[in-house]
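J.: Mind having a look at this structure? Questions to follow.
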Amino acid sequence: MSSTLYVERPSAVHRLNPVTKLVALLCVIVVVFAIPQWWASGAVLLLVIVPAAVISGCGGALARIGGQILLPLLVVLVLVQGLTFPGGQTVLWRWGPLALTTEGLMFAATIGARIVVLVLSSVLLVLTTHPGDLMSALTEAGMSPRFAYIISSTLQLIPSFRARADSILLAQQARGLAVPRNPVRRLGVLMPLLAPLVLGMFTDVEERSTAMEARGFGSTAKRTTLTPVRDSRAQKVARWVMPAVALLAVVLQVGWGLL
Amino acid sequence: MIRLDDVGYTYPDAPAPALQHVSLEVPPGSITGVVGASGAGKTTLAKVIAGFIPQVEGGELTGSATVDGRNLAELSLVEAVSKVGLVIQNPFNQISGARYTVRGEIAFGLENLGTPRAEMAAGVDEVAALLRITDLLDRSPYALSGGQMQLVAIASMLVLRTPVLVMDEPTSQLDPAGTRLVFSVLDTLEEAGVTVVIFEHKLELLQAHADRLLVLADRTIALAGTPTEVLADERLSGWGIGATRYTRAARLARERGLIGAEVPLPVSFDQAAAVFGTGAGGAR
């Protein structure tokens, strides 16, 4: 079983220094949250995320995983904001106290577009960056190995969590637990499984920590790497230019409201 | 040489000690097996010898635990792990997740210690050749069987050039093939001069590979000797440790009068063949 969502491909996106990708992700998020218009998120999606996904060869995986995360979020967002937006004037459809308004839908579109960018860009980073490469790159950039490991290991949480949850569910089903199809009732049945899931994860963390310490993880020596972290002059420049552009967007919007 | 003198240990906030009056010596380059019922204190003793107690766990350690004359309680954890390697039960949890090839995984400890790249690469190749896992080096650690993962965990320790390897039930989560794979490297380690202390329940495999066995019962070392001496001891069952298939069969045969009481109980296939094959002791 793999403990990461990383998809190995011989692409230019995969070959980028992980710190470059991380900086790009943070800048994209800053830009879409700084500029409140939905078109800003749409532009980032079409001009940055979609091309990067195509070049990386991870478009299918991105659509699948992104869809699983986004679909329920967007449905809830459109229903809640579209039907209950307090400043809604242009009513498209009404049912009792609930009114679907143009303003509500526009607000949901703006928030939804930001969430789409946030989720897809994060998932793309996870799909194209091995946690180990991220850890090496962050350590080489001067971050503490412990902190770098915490960041890189969070990328592995979802698969580990899912694998353990599957085995606990299987064990409970073998002992007669019926899992209903109805999502609400299903959630009620699955809630009691959280305790063994979390306790099991704690045990795993403790064991993993022992294994890491046994391999000198607590050493204060300057870390070395078996394989050098890929980097280039262009990427070093990009890691300064991208935050500058993001900062400019924030200043133009927050300072003068120009965007 | 590993030496424990009257070691006692109590976990933080625990009402009773987990170990008391433990004294033992492990000669360099030997394989020592430690057996004991669940809850007897095997993992605690493994962590004392590996230097994790009290540095990581806290608690109160009394007596002295030394490796090559250095008191483990006075060493930092990083110093301790350079002297003693620790292999734990779950092979999956020993994979760092920080490297995507076995080669990188084995080198991970060396990276932590700041070893130069060329030295690292040579060390990985050397230890992989020793454990006969060179063909696995370019595979993902997560694509390995449990037994292969344990070999990678052992390689990850050996590459640090630790003279002592403590293995805490390394086969408890492995299938028979994985178990055989792990035990098959014990003799290689002994030939390479590595001192091994292995905590295990698999008595027959310990009999075949260990030079010496210790029995941990009632939180202390209750018995020590050669595998033949220890495994034939009548008290093992009372300590919840059981016996080999050969010993159990011989006991049954003795109860039924098929062999005499004076015949030593066999603990291995060869000994059993000698006892049953010749009808020693006056089979009736």
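J.: Looking only at region B:109-133, count how many residues are more than 11 Å from chain A (Cβ to nearest Cβ) and either outside any helix (DSSP H, G or I) or surrounded by 15 or more Cβ atoms within 10 Å (Cβ to Cβ) (or both).
T.: Matching residues across region B:109-133 total 7.
For every residue, the table says whether it meets (1) at the interface with chain A (Cβ under 8 Å from one of its Cβ atoms); (2) outside any loop (DSSP other than H, G, I, E, B).
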residue	(1), (2)
B:Gly58	no, no
B:Gly63	no, yes
B:Thr66	no, yes
B:Ala73	no, yes
B:Ala80	no, yes
B:Leu86	yes, yes
B:Asn90	yes, no
B:Ser96	yes, no
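J.: Under the condition of being in contact with a helix residue (DSSP H, G or I) (Cβ under 8 Å, 6 or more places away or on another chain) and outside any loop (DSSP other than H, G, I, E, B), which residue from region B:143-153 is nearest to A:Ala211 (Cα to Cα)? First the steps, then the outcome.
T.: Filtering region B:143-153 for residues in contact with a helix residue (DSSP H, G or I) (Cβ under 8 Å, 6 or more places away or on another chain) gives B:144-153.
Imposing the further condition that a residue be outside any loop (DSSP other than H, G, I, E, B) reduces the set to B:146-153.
Details: B:Gly146: 16, B:Gly147: 17, B:Gln148: 16, B:Met149: 13, B:Gln150: 12, B:Leu151: 14, B:Val152: 12, B:Ala153: 9 Å.
It comes out as B:Ala153.
J.: Do we have any residue at all in region A:95-102 that's surrounded by 20 or more Cβ atoms within 10 Å (Cβ to Cβ) and under 19 Å from the mean Cα position of the chain (by Cα)?
T.: No, that holds for no residue.
J.: Taking region B:162-178 as the region of interest, how many residues are under 16 Å from B:Val35 (Cα atoms), in a loop (DSSP other than H, G, I, E, B) and in contact (Cβ under 8 Å) with a residue 40 or more places away in the chain?
T.: Qualifying residue count for the region: 3.
J.: Considering only residues that are among the hydroxyl-bearing types (Ser, Thr, Tyr) and either under 27 Å from the mean Cα position of the chain (by Cα) or modelled with pLDDT of 90 or more (or both), which ones fall in region B:263-279?
T.: If the condition is that a residue be among the hydroxyl-bearing types (Ser, Thr, Tyr) and either under 27 Å from the mean Cα position of the chain (by Cα) or modelled with pLDDT of 90 or more (or both), then B:Ser268 is the only one that fits.
Let's see how each residue does on (1) assigned to a helix (DSSP H, G or I); (2) in contact with a strand residue (DSSP E or B) (Cβ under 8 Å, 6 or more places away or on another chain); (3) at pLDDT 95 or above:
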site	(1), (2), (3)
B:Ile198	no, yes, yes
B:Glu204	yes, no, no
B:Ile221	no, yes, yes
B:Ala224	no, yes, yes
B:Ile241	no, yes, no
B:Ala253	yes, no, no
B:Leu258	no, no, no
B:Ala261	no, no, no
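J.: Which one of these is within 21 Å of B:Arg103 (Cβ to Cβ), without any contact (Cβ under 8 Å) to a residue 60 or more places away in the chain and either touching a Pro at 6+ places or on another chain (Cβ under 7 Å) or not polar (S, T, N, Q) (or both): B:Leu189, B:Leu181, B:Leu158?
T.: B:Leu181
J.: A further question on this structure: Take residues that are under 16 Å from the mean Cα position of the chain (by Cα) and of a type outside the set (Gly, Ala, Ser) and tell me which of the helices (runs of 4 or more DSSP H) falling wholly in region A:1-86 contain 2 or more.
T.: Counting at least 2 such residues, we get A:18-34, A:59-84.
J.: Residue check: is A:Ala113 under 15 Å from B:Asn112 (Cα atoms) and either among the aliphatic types (A, V, I, L, M) or not in a helix (DSSP H, G or I) (or both)?
T.: In short, no.
J.: Here is a further query. If you check B:Asp211 against the conditions, is it modelled with pLDDT of 90 or more, surrounded by fewer than 21 Cβ atoms within 10 Å (Cβ to Cβ) and either away from chain A (no Cβ under 14 Å) or closer than 24 Å to B:Arg70 by Cβ (or both)?
T.: Yes: the conditions hold for B:Asp211.
J.: Might you let me know whether region B:77-88 holds any residue that is over 30 Å from A:Thr128 (Cβ atoms) and surrounded by fewer than 18 Cβ atoms within 10 Å (Cβ to Cβ)?
T.: Scanning region B:77-88, I find at least one residue that is over 30 Å from A:Thr128 (Cβ atoms) and surrounded by fewer than 18 Cβ atoms within 10 Å (Cβ to Cβ), so the answer is yes.
J.: Cβ-Cβ under 7 Å, sequence separation 6+ or interchain: first residue in region A:220-239 and on the phi > 0 side of the Ramachandran plot, partner outside any loop (DSSP other than H, G, I, E, B). Which pairs?
T.: Note: no pairs meet the criteria.
J.: Out of the helices (runs of 4 or more DSSP H) lying entirely within region A:140-259, which hold 1 or more residues that are away from chain B (no Cβ under 14 Å) and within 27 Å of the chain's Cα centre (by Cα)?
T.: By residue number, A:157-174, A:183-190, A:194-214, A:233-250.
J.: Confirm whether A:Thr20 is more than 22 Å from A:Val237 (Cα to Cα) and of a type in the set (S, T, N, Q).
T.: Values: more than 22 Å from A:Val237 (Cα to Cα): no; of a type in the set (S, T, N, Q): yes.
Taking the combined requirement at face value, the residue does not satisfy it.
The values are calculated or read from the model by the stated rules, or taken from the named source; none is laboratory data. Everything quoted here is computed from the prediction, not taken from an experiment. Cβ atoms come from the backbone with ideal geometry, glycine included; neighbour counts cover every protein chain shown.
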